[in-house]
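One structure is given here, and the rest of the page talks about it.
The values are calculated or read from the model by the stated rules, or taken from the named source; none is laboratory data. Since the model is a prediction, treat every value here as computed from it, not as a measurement. Please note: Cβ atoms are built from the backbone with ideal geometry, for glycine as well, and neighbour counts cover all protein chains shown. All accessible areas refer to the heavy atoms of the entire protein, side chains included, with ligands and DNA or RNA removed. Shrake-Rupley method; radii C 1.70, N 1.55, O 1.52, S 1.80 Å.
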Amino acid sequence: MTEIIIEGVLFVALIATVGALFYFVLMQFTPVGLRVRQAKNRRQLDRAAELVCPIHGPRTTEDLVRLTSGETLCPDCYKETFNG
Ligand SMILES: [Zn+2]
């Protein structure tokens, strides 16, 4: 009974290792991996750009105000817009 359980666990570990190796090779040595990394870079830059208010400068994620529409806004711009 114990041998069957150990064999099952080892088989699952083998499948996971082969999958991880396949993912690593795919991401490091193929054009697909390059495209994924470039898209990740773009998302990082987009997120960083969203944190910079053109009027008041850079803000942290915790400072931003979420509107009911789902967009985020600089707190100073929110005060100026909604409170005059
Ligand atoms: Zn602002």
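Listed values, structure above:
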| quantity | calculated |
| --- | --- |
| About the Cα centre, charge dipole magnitude for the chain (Lys/Arg +1, Asp/Glu -1 at Cβ), debye | 360 debye |
| Positive-pole candidate from 70, 12, 58, dipole of the chain, charges at beta carbon | 58 |
| For segment 33-39, Karplus couplings with θ = phi - 60° (6.51, -1.76, 1.60), whole Hz, Gly/Pro x | x, 4, 4, 5, 5, 5, 5 |
| 1.4 Å probe accessible area per residue over the chain, in Å² | 87 Å² |
| The chain - percent of accessible surface contributed by carbon and sulfur, probe 1.4 Å | 65 percent |
| Other-chain or far-sequence residues with amide H under 5 Å of residue 53's (modelled H) | 59 |
| Neighbour-limited loop hits for GluC sites (Glu not before Pro), segment 43-78 (at most 11 other Cβ within 10 Å; DSSP other than H, G, I, E, B) | 62, 71 |
